[in-house]
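This report concerns only the one structure given below.
Derivation of every value follows stated rules applied to the coordinates shown; laboratory data play no part. Quick caveat, the model's predicted, so the values are computed rather than measured. In this analysis, Cβ positions are derived from the backbone assuming ideal geometry, glycine residues included, and neighbour counts consider all displayed protein chains.
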Protein chains: 2
Amino acid sequence: MGVGPERVSLNTATVREQWSLRECIEGCARHGIKGISPWRDKLQECGVDEAARLIEAHGLTVTGLCRGGGFPAAGAAGRQAALDDNRRAVDEAVAIGARCLVLVAGGLPEGSKDIAGAREQVRDGIAATLEYARSCGLPLAIEPLHPMYAADRACVNTLRHANDLCDELGAGLGIAVDVYHVWWDPDLEQEIKRAGKERLLAFHLCDWLVPTKDLLLDRGMMGDGVIDIAKIRAWVEAAGYAGFCEVEIFSAENWWRKDADDVVETVIQRCRSAV
Amino acid sequence: MGVGPERVSLNTATVREQWSLRECIEGCARHGIKGISPWRDKLQECGVDEAARLIEAHGLTVTGLCRGGGFPAAGAAGRQAALDDNRRAVDEAVAIGARCLVLVAGGLPEGSKDIAGAREQVRDGIAATLEYARSCGLPLAIEPLHPMYAADRACVNTLRHANDLCDELGAGLGIAVDVYHVWWDPDLEQEIKRAGKERLLAFHLCDWLVPTKDLLLDRGMMGDGVIDIAKIRAWVEAAGYAGFCEVEIFSAENWWRKDADDVVETVIQRCRSAV
């Protein structure tokens, strides 16, 4: 059981209140973590060229760039703005050598109750972005988010839906599996198998706490919650995934308040003991 | 669009901080609401015989008793206690002439990460309770809860799973569809159709607020959120459901703090305008 730091990727969200991207990169190097996954705000703050230089100098693998998506909008101008922004995200991902651009679909447009319509917009937005991403050789990874985010963050909420999109849209589109979002799904094992090696582009970890006090910012360190992470890892690896375990923990009241080196040490320990 | 108060049922949870069951019954009569759905704590506080007398005296239909379920437990004694309690719940539902006993499956036993195992316990618990309920002529309605409750309240989280349980366990088991729990599901229309008239035993309403500030107690009044309730009602009615629209709103910071008669008036208005 468990993975060593050479197979761990630090998603910058895990220490977003403590460290800049430069500090994350240097922190990974210091602790022997070999992967990193930046969010775009941190990347832009650092500068894309400087980030690419630092990442290469420290020999890190970029397991993904977080994130594109956010496709549904109330009008044509909003939809076009989303497409333009996704194109920039593809460019940034390419510039830092990311293995994929993670897509978070987006929720309902302001004032809308039409979730089926939002899902159509997501499909069309991914299709348009995919065309450009293919021309750059960059895989897109759609990340289904937990159904509690269907209204305001992402209306792709199951691995089945993500697989259906991959079936429909074809090569270059894969999936980021985050245990937090999918652990409850009775079809999880089957849909991981269906995704297979080709589509499984990223594997994200944290834990579901009981009780969960906030819908967004109360995620747990691996081992502190109820998700059988080792079982889900066994499923993705049985399906052919051989990539990194990316740790992404939103934790306003706990981990974001601690010393970042201590957080990273805990991440490493828990990746050995609870993954 | 909309339903009149003669097709509305008041779930006592909607005014649980303001009214006893007796007050709910009298309130329904005063406002022309023809259905009621008591929670067991309110029922026991009133006394089952007295409640049955009051409900009959006011000519109300009992659209359901909330609730049985809670099957998974760490040990045999806990599981037996759950079965015993469900038997008592069946007796209470029969005593007040309820159309069904609503079952909320239960979450993971303390310390467990085995959601598949919890789901097996739920199936076995329903099977045992169903045997007794059939002998009493009482339908059981399994209510899939939103996936955000999978850990601590109910590990049956989709209509598909509920339909699968009905397929497996047979006659006497149906489903309570609560729009709050299922609105996000891409398979919703199809699974409502699959359930059909026979299985659709109850239809519960409230709304999903954006933002939602609490996982349990921040549900909205119909029309204040993002759920296309009229569309879902059209689906359940197209499938043959001709029963009541039961309003069940957990709202610690808003509706539970208002005058209960005002809440009921708002329920009636919104059932006309947003259902």
request  = Put one equal scatterer on each alpha carbon of the stretch B:57-209, apply the Debye formula with no solvent term, and list log10 I(q)/I(0) at q = 0.10, 0.13, 0.14, 0.17 1/Å to two decimals.
outcome  = -0.32, -0.55, -0.63, -0.94
ask   = When Cβ neighbours within 10 Å are restricted to other protein chains, what is their mean count per residue of peptide B:147-158?
value = 5
ask   = Along Cα→Cβ at 7 Å, what distances in nm separate the B:GLY4 label point from those on the other copies, shortest first?
value = 7.6
key: Neighbouring partner chain Cβ atoms per residue of A:109-116, average, 10 Å criterion   = 4
query = Which of A:LEU65, A:SER20, A:ALA238 sits farthest toward the positive end of the charge dipole of the stretch A:5-273, with +1 on the Cβ of Lys and Arg and -1 on the Cβ of Asp and Glu?
reply = A:ALA238
ask   = Any idea what the B:ALA76 label distances to the other copies are, label 7 Å down the Cα→Cβ vector, nm, shortest first?
value = 7.1
ask   = Relative to the Cα centre, what is the charge dipole magnitude of the stretch B:5-273, using +1 at the beta carbon of each Lys and Arg, -1 at the beta carbon of each Asp and Glu, and rounding to the nearest 20 debye?
value = 380 debye
query = Exposure proxy check: B:LEU101, B:LEU200 ranked by fewest other beta carbons within 10 Å?
reply = B:LEU200, B:LEU101
note = Partner shielding of A:27-34, taken as the mean number of other chain Cβ atoms within 10 Å, equals 0
message = 5 Å is the cut-off here: which amide hydrogens, built 1.01 Å from N in the peptide plane, fall below it relative to B:ILE227, excluding neighbours closer than 5 in sequence?
response = B:TRP208
Computed lengthening from A:ASP164 to A:ASP261, 0.36 nm per intervening residue step minus Cα-Cα distance = 30.9 nm
DSSP bridge pairs, chain A: antiparallel proportion in percent, nearest 5 = 5 percent
message = Could you list B:ILE249, B:ILE25 so that the one with the fewest beta carbons within 10 Å of its beta carbon is first and the one with the most is last?
response = B:ILE25, B:ILE249
inquiry  = Test of understanding: ordering B:HIS181, A:HIS31 by Cβ neighbours within 10 Å, fewest first, what list do you get?
reply    = A:HIS31, B:HIS181
remark   = If amide H atoms are modeled at 1.01 Å from N in the peptide plane, then the residues at a separation of 5 or more from B:LEU65, or on another chain, having amide H under 5 Å from its own are B:CYS100, B:LEU101, B:VAL102
request  = Could you work out how far the C-alpha centroid of the stretch A:81-157 sits from that of the stretch B:1-44, in angstrom?
outcome  = 44 Å
remark   = Dividing the mean separation of Cα pairs under 8 Å (6+ apart) by the residue count of the stretch A:5-273 yields a relative contact order in percent of 19 percent
ask   = Tell me, what HN-Hα J-couplings in whole Hz come from the Karplus equation 6.51 cos²θ - 1.76 cosθ + 1.60 at θ = phi - 60° for each residue of the stretch A:218-232, using x for Gly and Pro?
value = 10, 8, x, 5, 3, x, 8, x, 10, 7, 7, 5, 4, 5, 5
inquiry  = Rounded to whole Å, give me the distance from the Cα center of the stretch B:198-254 to that of the stretch A:187-244.
reply    = 30 Å
request  = Distances from B:GLY117 to the same position in the other copies: list them in nm, one decimal, shortest first, using label points 7 Å from Cα along Cα→Cβ.
outcome  = 4.7
ask   = Considering only Cα-Cα distances, which of the following residue pairs are longer than 27 Å: B:LYS197/B:LYS231; B:LYS113/B:LYS193; A:LYS34/B:LYS113?
value = B:LYS113/B:LYS193; A:LYS34/B:LYS113
